[in-house]
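Here is the structure we will look at, set down as structure tokens.
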Amino acid sequence: MKWLHLSDLHLIYKNYDTDVMRVGFFDYLKHHFEGKVDCLFITGDITHLGQEFTDDVYEFLNNIVISLDIDKEKIYMIPGNHDITRTNLMGNVIKGILSEDDCKKAINEIDADSFDVLYKGQQGYRDLYEKFLEREYPKDNLHFVIKTEDYNIIHINTCLIAGGDNVEGRILVGLQKLLNTMREISKEKDKVTFALGHHTVNCLNGAEKSSFLNRLSDSEVDFYLCGHVHQSNIHQESNNYKTVHMFTAGANVVDGYSDTIFIEGNLDTNNGKVEVVYHTWNQPQEFWHVSNSLDRRLVQGSYSFELEKIKKKRI
């Protein structure tokens with residue numbers, strides 16, 4: 001099983017260096033991955049600063065589909081904070097929630113009107129989802145699961161309060177809604193499970209962070225894929241019943257700050273061996289290549305480990 005993980009496309013953001021990189025991006029995808037990818041994950045920030053999802057956005061996304069020769073039913077994506085249309089009313093609701101002594105309780109017990117104010121800011125993203133992927137968005141569920149024969153994908157919407165000011169490190173997921181969603185796969189814990197979230201775990205509110213990690217562990221999540229910070233990372237969350245392998249993709253921009261990186265994952269479903277490869281853009285020489293300098297564990301060009309639940313099946 002092969003997957004690609006992209007994040008923080010910021011497609012409305014443009015400069016010369018980014019345009020050159022994106023031209024090379026399509027060529028690189030076609031040359032190395034055409035017809036070879038089983039699923040594509042996109043973890044948010046498709047647009048930039050809440051701007052509209054223009055025809056250029058759809059063209060870019062469809063060029064990815066063409067380059068990979070992948071069916072849209074095998075593409076899974078979630079919103080990012082830049083995919084939200086912000087309003088003053090939204091900001092006031094978020095301030096109220098975060099000012100509560102128990103903000104974890106406040107987001108779990110949010111009233112319907114306040115929830116609608118926050119959720120409405122993602123309407124443009126939901127329209128994009130339906131138009132691009134040509135399938136219905138599960139609007140009644142903040143978080144949702146897509147089940148396939150071989151794997152499950154938990155879509156964790158980390159952006160309900162991301163449309164406010166000064167929310168970095170204070171993100172609230174809404175753990176009651178997440179728990180209800182994860183119950184849908186409670187009898188399928190032996191299946192390979194991906195969780196997608198825009199924000200890294202370190203972006204979460206301290207009131208939710210440890211319980212969030214428990215939800216991933218208890219639901220036998222194998223991979224948590226995220227973005228947001230524009231800096232790629234590899235992390236194993238092992239201080240729990242179940243090890244969760246966390247991978248943070250970079251961004252699809254060239255701006256002097258971001259890691260211009262996407263991630264390739266490979267899983268041998270027979271023996272549980274996983275190989276993760278980071279692909280990066282060389283800005284001075286203007287070409288894409290496999291990175292072996294992001295992390296010591298990538299010195300040979302890939303990061304490898306064995307998936308616990310498949311190993312157990314073999315014993």
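By DSSP, what percent of the beta bridges with both residues in the chain are antiparallel, rounded to the nearest 5? So the antiparallel bridges in the chain amount to around 55 percent. Computed with a 1.4 Å probe over protein heavy atoms only, the accessible area of residue 198 comes to about 0 Å². Comparing 15, 107, 46 along the charge dipole axis of the range 1-120, the residue lying farthest to the positive side is 15, per the Cβ-charge model.
Considering only 257, 119, 224, the mean-square fluctuation computed in a Gaussian network model of the chain, springs between alpha carbons under 10 angstrom, is largest for 257. The GNM of the chain, with springs linking C-alpha atoms under 10 angstrom apart, assigns the highest mean-square fluctuation among 111, 259, 83 to 111. A 1.4 Å probe run over the chain, with the rest of the protein chains in place, finds 45 Å² accessible per residue. Mean residue ellipticity at 222 nm, helices only, the chain: -9500 deg cm²/dmol; runs of at least 4 DSSP H residues each add -39,500 (n - 2.57), and the sum is divided by the number of residues. Cα centroid separation, the range 106-160 to the range 262-287: 28 Å. Measuring between their Cα centroids, the range 167-209 and the range 29-78 lie 23 Å from each other. As a fraction of the 1.4 Å probe accessible area of the range 61-173, surface on carbon and sulfur atoms comes out at 41 percent. When Cα extents along the principal axes in Å is computed from the coordinates, the matching label among [x] 53, 50, 36; [y] 62, 50, 37; [z] 58, 43, 37 is [x].
The values are calculated or read from the model by the stated rules, or taken from the named source; none is laboratory data. No experiment lies behind these values; they were computed from the predicted model shown. Note: ideal-geometry Cβ built from the backbone for every residue, glycine included; neighbour counts use all protein chains shown. Surface areas here come from the heavy atoms of the whole protein model, side chains and all, with no ligands, DNA or RNA. Shrake-Rupley method; radii C 1.70, N 1.55, O 1.52, S 1.80 Å.
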